[in-house]
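Participant: Can you read through this structure? Questions will come right after.
The values are calculated or read from the model by the stated rules, or taken from the named source; none is laboratory data. Remember, predicted model here, so these are calculated numbers, not experimental data. Here the Cβ is made from the backbone with ideal geometry for all residues, glycine too, and neighbour counts use every protein chain on show.
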Amino acid sequence: MSETLASMRRLASEKALPHVESGMIVGLGSGSTVADSFLPLLVERVRNGAIRDVLFVPSSHQIEYRALEMGLKLVSFNQVDYVDVTVDGADLVERESLIAIKGGGGALLLEKVLSSISRKVVLIVDEKKLVEKIPPGYPIPVEVLKHIVLLIKKRVEKALGVSVKIRMGTGKVGPVITDAGNAIIDVPLPGDYSPEQLHAFLKSIPGVLDSGIFKDLVSIAYVGTSTGVLELKRGKC
């Protein structure tokens with residue numbers, strides 16, 4: 001990552017920090033933005049006593065291990081009924097609707113569960129992740145049962161007329177297997193489908209667990225730019 005992008009993400013992370021207050025249950029999204037930009041700033045506030053008695057719910061092993069190394073107190077999904085605020089990154093986010101695409105890091109299902117039980121979801125991204133609309137052809141991550149991944153791949157390709165890719169691992173042989181034990185396919189957004197329409201179609205297929213299309217879940221997005229930080233709320237520019 002360039003120093004410029006890292007600086008943008010740090011600026012956005014600084015804006016997100018005040019959403020975490022003492023006594024809260026806080027969800028931690030996955031990926032480099034949360035792990036490398038947001039968490040170090042958050043840990044500093046915990047260590048200097050600016051916030052106290054905060055419990056954290058990690059959305060993946062990646063962020064779980066990082067948070068434990070930093071000395072944060074973690075709880076599991078099964079130990080909470082709700083989360084006060086979740087802070088997460090995104091692969092893309094639409095400016096007005098705040099529809100986000102997530103799953104580039106392979107943690108989309110648990111990230112969506114975390115968002116669904118959160119009273120507030122705060123995104124932190126750099127300006128390269130901000131778009132007016134999700135572009136046709138953009139690969140949408142989809143988490144599916146690994147035992148029938150080829151069946152689902154063929155069914156989606158036949159119905160949509162697109163080329164679907166099974167996500168392959170790096171550092172291991174074979175497909176990516178998520179923390180929840182599933183496979184991931186990447187489905188190009190068809191030109192005649194909105195993200196909402198594609199999500200509805202995918203969810204109608206038995207064996208599809210969820211898509212990386214996050215609609216009506218994000219409360220606010222902080223976008224780090226070369227000139228400062230944009231604060232975007234759903235339905236507002």
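Participant: Select from region 199-224 the residues that are in contact (Cβ under 8 Å) with a residue 40 or more places away in the chain and polar (S, T, N, Q) and write down the one among them that is farthest from Ile166 (Cα to Cα).
Facilitator: Checking each candidate, the answer is Ser219.
Participant: Which condition breaks for Val113 when tested against (1) assigned to a helix (DSSP H, G or I); (2) assigned by TED's automatic domain parsing to the domain that holds Ile220; (3) buried (at least 20 other Cβ atoms within 10 Å of the Cβ)?
Facilitator: (3)
Residue-by-condition table, conditions (1) more than 25 Å from Ser116 (Cβ to Cβ); (2) hydroxyl-bearing (Ser, Thr, Tyr); (3) modelled with pLDDT of 95 or more; (4) in a helix (DSSP H, G or I):
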{"site": "Ala6", "(1), (2), (3), (4)": "yes, no, no, yes"}
{"site": "Ala12", "(1), (2), (3), (4)": "no, no, yes, yes"}
{"site": "Ala16", "(1), (2), (3), (4)": "no, no, yes, yes"}
{"site": "Val26", "(1), (2), (3), (4)": "no, no, yes, no"}
{"site": "Phe56", "(1), (2), (3), (4)": "no, no, yes, no"}
{"site": "Tyr65", "(1), (2), (3), (4)": "no, yes, yes, yes"}
{"site": "Leu68", "(1), (2), (3), (4)": "no, no, yes, yes"}
{"site": "Thr86", "(1), (2), (3), (4)": "no, yes, yes, no"}
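Participant: With respect to the numbered conditions (1) buried (at least 18 other Cβ atoms within 10 Å of the Cβ); (2) within 15 Å of Val93 (Cβ to Cβ), which one is the sole condition not fulfilled by Arg234?
Facilitator: Failing condition for Arg234: (1).
Participant: Name the residue, out of Gly137, Gly181, that is over 19 Å from the mean Cα position of the chain (by Cα) and either modelled with pLDDT of 95 or more or in the same structural domain as Ala12 (by TED's automatic domain parsing) (or both).
Facilitator: Gly137
Participant: Would you call Gly105 farther than 15 Å from Ser219 by Cβ and free of Cβ contacts under 8 Å to residues at least 40 places away in the same chain? If you could, list the steps in order and put the result at the bottom.
Facilitator: Numbers: farther than 15 Å from Ser219 by Cβ: yes; free of Cβ contacts under 8 Å to residues at least 40 places away in the same chain: no.
It is false that Gly105 is farther than 15 Å from Ser219 by Cβ and free of Cβ contacts under 8 Å to residues at least 40 places away in the same chain.
Participant: Taking region 22-38 as the search range and keeping residues that are touching a residue at least 40 places away in the same chain (Cβ under 8 Å) and surrounded by fewer than 19 Cβ atoms within 10 Å (Cβ to Cβ), which one is nearest to Asp179 (Cα to Cα)? Step through it out loud before you land on a result.
Facilitator: Going residue by residue through region 22-38, those that are touching a residue at least 40 places away in the same chain (Cβ under 8 Å) are 24-34, 37-38.
Filter again for surrounded by fewer than 19 Cβ atoms within 10 Å (Cβ to Cβ), leaving 24, 32.
Details: Met24: 25, Ser32: 17 Å.
This residue is Ser32.
Participant: Check region 134-146 and report whether any residue there is in a strand (DSSP E or B) and surrounded by fewer than 16 Cβ atoms within 10 Å (Cβ to Cβ).
Facilitator: no
Participant: I need the full set of residues from region 180-222 which are in a helix (DSSP H, G or I), surrounded by fewer than 21 Cβ atoms within 10 Å (Cβ to Cβ) and in contact with a helix residue (DSSP H, G or I) (Cβ under 9 Å, 6 or more places away or on another chain), in order please.
Facilitator: Phe201
Participant: Hey, another quick one. Leu72 - would you say it is among the hydrophobic types (A, V, I, L, M, F, W, C), at pLDDT 95 or above and either in a helix (DSSP H, G or I) or not assigned by TED's automatic domain parsing to the domain that holds Val122 (or both)?
Facilitator: No; evaluated as a whole, the condition is false for this residue.
Participant: Within the group Leu41, Leu74, which residue is free of Cβ contacts under 8 Å to residues at least 40 places away in the same chain and closer than 19 Å to Lys120 by Cβ?
Facilitator: Only one candidate passes the filter, namely Leu41.
Participant: Still on this structure, I have one more. Got at least one residue in region 145-165 being among the aliphatic types (A, V, I, L, M), within 16 Å of Lys102 (Cα to Cα) and not assigned by TED's automatic domain parsing to the domain that holds Ser13?
Facilitator: Here is the first cut: in region 145-165, the ones among the aliphatic types (A, V, I, L, M) are 145, 148-152, 156, 159-160, 162, 164.
Going one step further and asking which of them are within 16 Å of Lys102 (Cα to Cα), we end up with none.
Within region 145-165 (the criterion being among the aliphatic types (A, V, I, L, M), within 16 Å of Lys102 (Cα to Cα) and not assigned by TED's automatic domain parsing to the domain that holds Ser13), the answer is no, since none of the residues qualifies.
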